[in-house]
Amino acid sequence: NLYVADSGNHTIRKITSAGVVTTVAGQALLFGSTDGTGGAVRFNRPGGLALDGTGNLFVADGGNTIRKIVLNSGAVTTLAGQAGQPGYMDGTGSAARFNHGSAGLSADGAGNLYLCDANNFVMRKITPAGVVTTVGGQAGRQGMVDGAADSALFRWPTGIVADSAGNLFVADTGNQTIRKIT
């Protein structure tokens, strides 16, 4: 199955190998930030998607939250961030703040998520328990500097993928480069 963040319709869609398209969560043209199941769920321009190894789909929701969809039940919950509260703060669950818009999201083999927090110019790690930390870049500072994760600078990172060795590859869109975080 292929999962798609249908940003303009504020929904998450599923496309089977036979080409059958269904809506997993959300309702077309109705936006917000409501947890629940099916058509009762509301997203705000969802973007990046990542599947973990246990049947969960994670969504970088444009309301500056990370949402979790349990695919076998359709239940949607907010893992981290608080809708309508953009900013920058490492923390757990609703105490964390993002300003990612709806940028790239990736999962590793241990169930951690990695997010391009594009408007903060940083990459973030979200554990399965919702603990958010910064793994690259400096919040609010943009540029093109290589170096240790906390001294490197990025400009609008929008895509990220984790490899099996634990490295992160980042599409640093504003610098027109692919960067590696070890």
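Rounded to the nearest whole angstrom, the semi-axes of the ellipsoid equivalent to the chain, taken from the Cα gyration tensor as √(5λ), stand at 27, 17, 15, largest first. Relative contact order for the chain: 12 percent, from Cα pairs under 8 Å spaced at least 6 residues apart, divided by residue count.
Can you put Leu115, Leu51, Leu29 in order of accessible area, largest first, using a 1.4 Å probe?
In descending accessible area the options line up as Leu29, Leu51, Leu115.
Solvent-accessible area of the chain (1.4 angstrom probe, protein heavy atoms only): carbon and sulfur portion equals 52 percent. Specify the residue with the greatest mean-square fluctuation among Asn167, Asn44, Asn120, computed from a Gaussian network of the chain linking alpha-carbon atoms under 10 Å apart. With Cα springs under 10 Å in the chain, the top fluctuation among Asn167, Asn44, Asn120 is at Asn167. Counting only protein heavy atoms and a 1.4 Å probe, the chain has 44 square angstrom of accessible area per residue. Our coupling estimate for segment 76-91, obtained by passing each phi through the Karplus curve with A = 6.51, B = -1.76, C = 1.60 and θ = phi - 60°, is 10, 10, 8, 7, 8, x, 9, 4, x, 10, x, x, 9, 6, 6, x Hz, Gly and Pro reported as x.
Residues considered: Pro157, Pro128, Pro46. Largest GNM mean-square fluctuation over the chain, using C-alpha springs under 10 Å, is found at Pro128.
Across segment 173-178, rounded Karplus estimates of 3J(HN,Hα) from the backbone phi angles (6.51 cos²θ - 1.76 cosθ + 1.60, θ = phi - 60°) give 4, x, 9, 6, 9, 10 Hz, Gly and Pro being marked x. Over segment 14-117, the pair-distance histogram of Cα-Cα distances with 5 Å bins from zero comes to 3, 14, 23, 26, 20, 10, 3, 1, 0 percent, rounded to whole numbers.
Partners of Lys14 within straight-line reach, counting lysines whose Cα lies under 19 Å from its Cα and excluding those fewer than 8 residues away in the same chain: Lys68. Each residue of segment 130-182 gets 88 Å³ once the volume of the Cα convex hull is shared out per residue. Where the centroid of each part is defined by its Cα atoms, how far is segment 43-111 from segment 1-35 in Å? Value for the Cα centre distance between the two parts: 15 Å.
The values are calculated or read from the model by the stated rules, or taken from the named source; none is laboratory data. All of these numbers come straight from a predicted model, not from anything done at the bench. Please note that ligands, DNA and RNA were not included when accessible areas were found on the heavy atoms of the full protein model with its side chains. Shrake-Rupley method; radii C 1.70, N 1.55, O 1.52, S 1.80 Å.
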